[in-house]
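Read the structure below first, then the notes.
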Amino acid sequence: MKERDFARVQERLDGVSRREFMKFCTVMAASLGLPLADASRLAAAVTSPRRPPVIWLSGQACTGCTESLLRPTHPTLEHLILDLISLDYNETLNAGAGHQAEAALQASIKENYGKFILVIEGAIPVKDGGVYCMIGGRPFAEIVKETAAKAAAVVAIGSCASWGGVAAAAPNPTGATGAPEFLKGTTVVTIPGCPPNAYNFLSTVIHFLTFGKLPALDDKARPRFAYGRLIHENCERRPHFDAGRFAVKFGDEGHRKGYCLYKLGCKGPMTYANCPAILFSDAGSGSWPVGTGHPCFGCTEAGVGFTIPLHTQADLRHVTPSAGHPPITEPRGSGASVGAAALLGAVAGAVVGGGAMVLKGLEKKDAAAKKDEE
Ligand code: SF4
């Protein structure tokens, strides 16, 4: 990375070392399933003075998506987000209110007509003319339709915006709907999660800035790099599942020993997301719900999260082999070593979006090698 470009990073992101910044770009490249050599291309895009204007509208939402995006503990992530995009309008963060905020929204739409990215947070209630979510005296649904027609790209962030989420749970009294359904005919990228992982949003924006196009999407318009694999494939408890070791009650011996949570209703076998690979919400947190002993409830999967009761056992039809964890029954020093698991992760990662598992595998391999040296 050129000295001139890094000087710009330092100017913008107070206190970030070159090493930290390049590590961040490497994690980004890995989570996008790109060769690690592409980290420098990403770094160039991140340091570009180009900043896409973003208008962020919030409807039936708890504000958790904004919070998770802007309050990570990983160094400087929120700075990067706010630096990469020009966040022209966000009701949670706006300094102004009332007529001032409305005027700012209209001014931004006018100035950036056809060029801005519209981010929608929260579900869109459509019942009774949309009266269940009014902003500035107008139904949120009307504002979304009007703004989306003038945007360059539309992103639905969080499960509520993606398909209705908790707001659309039965009996759905407000007619809560996700943006793709409401804006039929418009491509709406979805980044579901409750809340969604900030890195998945950031990686999508960086991909757009680096390659000038959106990343590959699945049939639910989710970026495949983030939602291409089942949680069950990469879960650290998967070797226990394969060995038939389950927690059957919260706090029982199996639960305390870290056994599989399938019998407690874990929806990992039906849910596509990269939580076990990049961990939850903030890649620097070192944890995620299943890691702390709570079954996955399928928040990234329409028809699973907020739909199937937590205690119901998951459908196992789509189980595929674990991508990154060796079986627990393997004797130490033979068969699937940690290094072999990393290699397996690398092959899997090359297929679809498992890049972050590659990185995790390689880190484990490094750690194991260090331990052996000691
Ligand atoms: Fe992990 Fe849940 Fe699958 Fe068990 S059922 S291996 S806890 S994802």
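The values are calculated or read from the model by the stated rules, or taken from the named source; none is laboratory data. Given the structure is predicted, the values throughout are model-derived calculations rather than measurements. Glycine also receives a Cβ, built like all others from the backbone with ideal geometry; neighbour counts cover every protein chain displayed. Heads up: the accessible areas ignore ligands, DNA and RNA and are worked out on the full protein's heavy atoms, side chains in. Shrake-Rupley method; radii C 1.70, N 1.55, O 1.52, S 1.80 Å.
Per-structure values
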{"read-out": "Helices (runs of 4 or more DSSP H) within segment 80-177 that include 3 or more residues of a type outside the set (A, V, I, L, M) and free of Cβ contacts under 8 Å to residues at least 12 places away in the same chain", "value": "98-111"}
{"read-out": "Answer from ALA101, ALA107, ALA151 - the residue that is in contact with a Leu (Cβ under 7 Å, 6 or more places away or on another chain), open to solvent by less than 60 Å² (accessible area, probe 1.4 Å) and farther than 14 Å from ALA61 by Cα", "value": "ALA151"}
{"read-out": "Tally of residues being within 10 Å of the ligand (Cβ to nearest atom) and at positive phi across segment 262-282", "value": "1"}
{"read-out": "Unique residue being over 17 Å from the mean Cα position of the chain (by Cα), open to solvent by less than 40 Å² (accessible area, probe 1.4 Å), modelled with pLDDT under 90 and more than 16 Å from the ligand (Cβ to nearest atom) when the list is THR174, THR204, THR210", "value": "THR210"}
{"read-out": "Test: residue in segment 129-136 that is buried (at least 24 other Cβ atoms within 10 Å of the Cβ), more than 22 Å from LEU217 (Cα to Cα) and assigned by TED's automatic domain parsing to the domain that holds LEU214", "value": "no"}
{"read-out": "Hits in segment 74-101 - residues which are of a type in the set (Asp, Glu) and either in contact with a Ser or Thr (Cβ under 8 Å, 6 or more places away or on another chain) or modelled with pLDDT under 65 (or both)", "value": "GLU78, ASP88, GLU91"}
{"read-out": "Residue within segment 178-191 that is buried (at least 18 other Cβ atoms within 10 Å of the Cβ) and assigned to a loop (DSSP other than H, G, I, E, B) present", "value": "yes"}
{"read-out": "Selection count, segment 237-254, where residues are assigned to a helix (DSSP H, G or I), open to solvent by less than 40 Å² (accessible area, probe 1.4 Å) and out of contact with any His (no Cβ under 7 Å at 6 or more places or on another chain)", "value": "3"}
{"read-out": "Subset of segment 300-311 (residues that are within 13 Å of the ligand (Cβ to nearest atom) and at pLDDT 90 or above)", "value": "THR300, GLU301, VAL304"}
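For (1) farther than 18 Å from CYS194 by Cα; (2) modelled with pLDDT under 95; (3) away from the ligand (no atom under 15 Å from the Cβ), each residue gets a yes or a no:
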| position | (1), (2), (3) |
| --- | --- |
| LEU217 | yes, yes, yes |
| LYS220 | no, yes, yes |
| LEU230 | no, yes, no |
| ASP242 | yes, yes, no |
| VAL248 | yes, no, no |
| CYS260 | yes, no, no |
